[in-house]
1. If Lys168 passes every condition in (1) without any contact (Cβ under 8 Å) to a residue 24 or more places away in the chain; (2) out of contact with any Ser or Thr (no Cβ under 9 Å at 6 or more places or on another chain) but one, which one does it miss?
2. Taking the residues in the range 430-465 that are over 16 Å from Leu406 (Cα atoms) and among the acidic types (Asp, Glu) as candidates, determine which candidate is nearest to the chain's Cα centre (by Cα).
3. Output the residues belonging to the range 409-446 that are touching a strand residue (DSSP E or B) at 6+ places or on another chain (Cβ under 9 Å), outside any strand (DSSP E or B) and within 19 Å of Arg187 (Cβ to Cβ).
4. Determine whether the range 77-95 contains at least one residue that is on the phi > 0 side of the Ramachandran plot and not β-branched (Val, Ile, Thr).
5. For the range 458-503, enumerate the residues that are part of a loop (DSSP other than H, G, I, E, B) and either of a type in the set (Gly, Ala, Ser) or crowded, with 23+ Cβ neighbours inside 10 Å (or both).
6. Just one of (1) touching a residue at least 40 places away in the same chain (Cβ under 8 Å); (2) under 21 Å from the mean Cα position of the chain (by Cα) trips up Gly174, so point out which.
7. Among residues belonging to the range 98-121 that are out of contact with any strand residue (DSSP E or B) (no Cβ under 7 Å at 6 or more places or on another chain) and part of a loop (DSSP other than H, G, I, E, B), point out the one that is surrounded by the most Cβ atoms within 10 Å (Cβ to Cβ).
Amino acid sequence: MVSMAEIISYNPWWKDPAAIDDDAEIRELQKSRIKFVPELEHAIKYDFAPDNTVIYTMRGPRQVGKTTLLKIQIKKFLKGGVQPWNILYCPLDIADKRTEITDIIKTYMRISQTKRSKSRCYMFLDEASAVKDWQKSIKILVDGRKLHNCTIMATGSDAANIKRASEKLPNRRGRVGDNDHIDKIMRPMKFSEYVTSQDEEIQDQWTESTWRSDGRRDILMNLADGNIDRRIDKMMLHKETLDHLFERYMVTGGIPRIVNEMVGTGMISEETYKNYTDGIMGGWNALSKSQRLLKNFCRVIIENQSNSISWNHLSKKANIGIAKTSAEYAESLDDLFVLSVINRYKISDHASNMLKERKLYFQDPFFFHIFNGMGSDDGSFMTSLRYVENEENAGKMTEGIVADHLIRWLFAQSKNKHKFDHDNHLFYWRENGRKEVDFILNHDASAVIPIEVKFRNTINLREMGGMTRFLDRTGKSKGIIVSKHDLEEKKDYTIIPAPIFLLLL
């Protein structure tokens, strides 16, 4: 049973609004070298008509900064004059069962009844996925009209749990607008966010109107048409800085705490790797699955990085049983924001060929290094440095980063986000086991773009047979080659350095 005193302790601003400045997450953000605030902060609307109770969810990897984002919003409310008693924050991992969630909210409503204003209430229910069937408590309260004129944000690291729970609240989650999405996702920093949080000169150029979202999309579409936009030439002036930052991004990934540790100390401690490993394993244990088999599974994925593989072959190599088990493992790791699956493209259907092999990529470089460094005598950090120093490995890592950024770009462009599934928009292509293109970006029927990653010092044009064959088969005129250094217009494709390309996504 969660006590009243415990609830009060999580909401010190009820006694003193200035107490938010002493909050652990706020203090850590203030002392951080990289004070990253995600774009998501500006993509959440909290105020609606009194009869419109809105229930958001926010899911994302463990320790990616979801709690910090909640505290930033609470501070913004307090500084903006919201009555402190109109704000409730509670980490639900302190609750043992869903009925305690009901008790927590009822206790808050009771003790704040004479103190809060008649304006809207904001409830931040952190780590809701830690409590089984948490949504039933919310449903009971909504049906009993106990949450009138409230906005609720429920977070969690288990995407499947949060998604299933939200689906069990039909017609009870409120209305946020046709172009908005009630289920939010918080991911690690994209490369563009990584760069602009560390280099003021690039940030200044980035904030120019020509580099805003629509501008970047225009530049990308121009590339697909075979034209290098003049804005790219201007960004190329920062190529040396971008190369340096990209080399670091391949080691740190985009989790703010990892980035700050690297910037502040020049390394990532073994303890940090362990903490994030424990976070992933905690989510895995909640699914009642074997840690040993997970390590086998990820080892085989690393060995086959950038190569296609069947579920059956993956299961045999990892010694985890039948093909179905590999598919289930991949789906579970996707739910934990660790892994993405890219299916093969079927030209005739403009869709996935689910019967063929697929490619598997880690969603963030740091997650790759967690599993690649397991058992290393040199330690995880040195293992990660040595891995990306190898040009072939760096090329594979770049391919994975491009995959993740393309998925995120497609989601951002989607006009129907609650139904978005990257399986319908991003693929790889292969013909007869020989000719291959790394990615087929199917934004819409008029924008099918082949993209090949060749992150190396010298590009061998004879290796472009897959791109040429795809263009011949589909009648498309151009593709995009993601390089290490080259920026050039060719007959069949446009070549652009990886760091510049990633800035567009």
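1. If we test Lys168 against (1) without any contact (Cβ under 8 Å) to a residue 24 or more places away in the chain; (2) out of contact with any Ser or Thr (no Cβ under 9 Å at 6 or more places or on another chain), just (1) comes out false.
2. Glu436
3. Trp409, Leu410, Phe411, Gln413, Lys417, His418, His422, Asp423, His425
4. At the first step, the residues of the range 77-95 found to be on the phi > 0 side of the Ramachandran plot are 81.
Cutting the leftovers down to not β-branched (Val, Ile, Thr) gives us 81.
Within the range 77-95, one or more residues are on the phi > 0 side of the Ramachandran plot and not β-branched (Val, Ile, Thr).
5. Going residue by residue through the range 458-503, those that are part of a loop (DSSP other than H, G, I, E, B) are 458-460, 475-478, 484-487, 490-492.
Matches in the range 458-503: Gly475, Ser477.
6. All conditions are met except number (2).
7. Arg116
Quick grid of which residues meet (1) without any contact (Cβ under 8 Å) to a residue 24 or more places away in the chain; (2) aliphatic (A, V, I, L, M); (3) touching a Phe, Trp or Tyr at 6+ places or on another chain (Cβ under 9 Å); (4) crowded, with 17+ Cβ neighbours inside 10 Å:
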site: Val195; (1), (2), (3), (4): no, yes, yes, yes
site: Asp204; (1), (2), (3), (4): yes, no, no, no
site: Arg217; (1), (2), (3), (4): no, no, yes, no
site: Ile258; (1), (2), (3), (4): no, yes, yes, yes
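The values are calculated or read from the model by the stated rules, or taken from the named source; none is laboratory data. Bear in mind that the values here come from a model prediction, so they are computed numbers and not experimental data. Note: ideal-geometry Cβ built from the backbone for every residue, glycine included; neighbour counts use all protein chains shown.
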